[in-house]
1. Can you tell me which residue among Gln157, Gln76 is over 30 Å from Glu250 (Cβ atoms) and without any contact (Cβ under 8 Å) to a residue 24 or more places away in the chain?
2. Does Ala39 qualify as being assigned to a loop (DSSP other than H, G, I, E, B), aliphatic (A, V, I, L, M) and under 25 Å from Asp183 (Cβ atoms)?
3. Mind telling me which of the residues Asn63, Asn86 ends up being in contact with a Gly (Cβ under 8 Å, 6 or more places away or on another chain) and surrounded by fewer than 24 Cβ atoms within 10 Å (Cβ to Cβ)?
4. Enumerate the pairs (first residue in region 1-14 and over 17 Å from Ile111 (Cβ atoms); second residue anywhere and modelled with pLDDT of 95 or more and of a type in the set (D, E, K, R)) with beta-carbon separation below 7 Å, excluding pairs fewer than 6 apart on the same chain, so at least 6 apart or on different chains.
5. Condition (residue is more than 22 Å from Leu241 (Cβ to Cβ), out of contact with any strand residue (DSSP E or B) (no Cβ under 9 Å at 6 or more places or on another chain) and hydroxyl-bearing (Ser, Thr, Tyr)) applied to region 157-179: is it met by at least one residue?
6. Regarding Glu29, is this residue of a type outside the set (Lys, Arg), modelled with pLDDT under 95, open to solvent by 10 Å² or more (accessible area, probe 1.4 Å) and part of a loop (DSSP other than H, G, I, E, B)?
7. Among (1) among the small types (Gly, Ala, Ser); (2) over 30 Å from Met243 (Cβ atoms); (3) part of a loop (DSSP other than H, G, I, E, B), there is one condition Ser23 misses while meeting the rest; what is its number?
8. Among the listed residues Lys115, Lys122, which satisfies the condition of being open to solvent by less than 50 Å² (accessible area, probe 1.4 Å), over 22 Å from Phe185 (Cβ atoms), in contact (Cβ under 8 Å) with a residue 40 or more places away in the chain and in contact with a strand residue (DSSP E or B) (Cβ under 7 Å, 6 or more places away or on another chain)?
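The values are calculated or read from the model by the stated rules, or taken from the named source; none is laboratory data. Everything numeric here is computed off the predicted structure, so don't read it as measured data. Using ideal geometry, Cβ is built from the backbone for each residue, glycine included, and neighbour counts are taken over all protein chains shown. Protein only, heavy atoms only, side chains kept; ligands, DNA and RNA dropped before computing areas. Shrake-Rupley method; radii C 1.70, N 1.55, O 1.52, S 1.80 Å.
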Amino acid sequence: MKKIAVVILNWNGAKLLEQFLPSVVSYSEDATVYVADNASTDTSVEVIKTQFPSVQLIQNDGNYGFANGYNVALEQVEEDYYALVNSDIEVTDGWLKPILSIFEAEQNIGIIQPKILDYKNKEYFEYAGAAGGFIDKYGYPFCRGRIFDTIEKDNGQYNDEIEIFWASGACFFIRKEIYRKLDGFDGDFFAHQEEIDLCWRAFNLGHKIKYTPKSVVYHVGGATLNESNPKKTFLNFRNSLLMLTKNLPEKQLFPIIFLRLCLDGIAGIQFIFKGKFVHCWAILKAHFHFYILINKTLKKRTKKQAANYYKTKSIVFTYFVKSGTIFEKVF
């Protein structure tokens, strides 16, 4: 049996499969390729069966979202290492070899992220992950190569292999044993930031996350849920609060949650001034859902919570007040 399983979660993405699955099949000779379908109602299943006979099809019996969609599908996948890959990812020749080398040589590495560049503008990093992710003290995520909406050009400035805090779910490598020990993604997240939560929980158990530039992929981004969609705003704001509730050290938990709620309120006011009323409502809705889930989420806290913030205290202050937009210059 091959050691790596490349697993692509799909929901009504027949066109994306036709466009991007050929590169995955062509350049994944060291892996078994799976498509886990979340009960699509388009021609996805037919496309897989007729155009990609070498791909293993897993058919979930419902649309479980990103988090539980993978949890359900991966119960059937027994390879040693999982490559969880978005359906709008183009991979490159040799993309799996550096990943396999790291996993085999460094037993303390539990999760790996490749360099993620923009499919539409291949000289630039892509929003979801870029050259590896971090969080600040208040739980705001950012990347080398991307801080909030500022995207950097790839000039080789992040061609070093380093430890990071979180790996992007757009292209996410993890040891099977760790994924199962953590019970996979948190299904309450549905989608967005579930990979940061999973990385934080792995870190709490002593596992390390690494970025390697030796593996390169190109990501479209927003192909299934674009930035203008208020559902994305809702999921990001709610899930960030859930993640902090689960993983913050006890002494920091309530002060930081309170401050985040206030900062979310400021973000909502900004949406109002911009005329984006549906996004303001999405934040309010996110808070309501957070209050509903807070007791359940507190019960998910483990015995050990470890802080692994980047050296900046607030990326919001650094970016919006000090105008720090480029990772290298800010940090």
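1. Only one candidate passes the filter, namely Gln76.
2. yes
3. On inspection, the qualifying residue turns out to be Asn63.
4. Listed pairs, sorted by first residue: Met1/Glu79; Lys2/Glu79; Asn10/Asp37; Asn12/Asp42; Ala14/Asp42.
5. No, region 157-179 contains no residue that is more than 22 Å from Leu241 (Cβ to Cβ), out of contact with any strand residue (DSSP E or B) (no Cβ under 9 Å at 6 or more places or on another chain) and hydroxyl-bearing (Ser, Thr, Tyr).
6. yes
7. (3)
8. The unique qualifying residue is Lys115.
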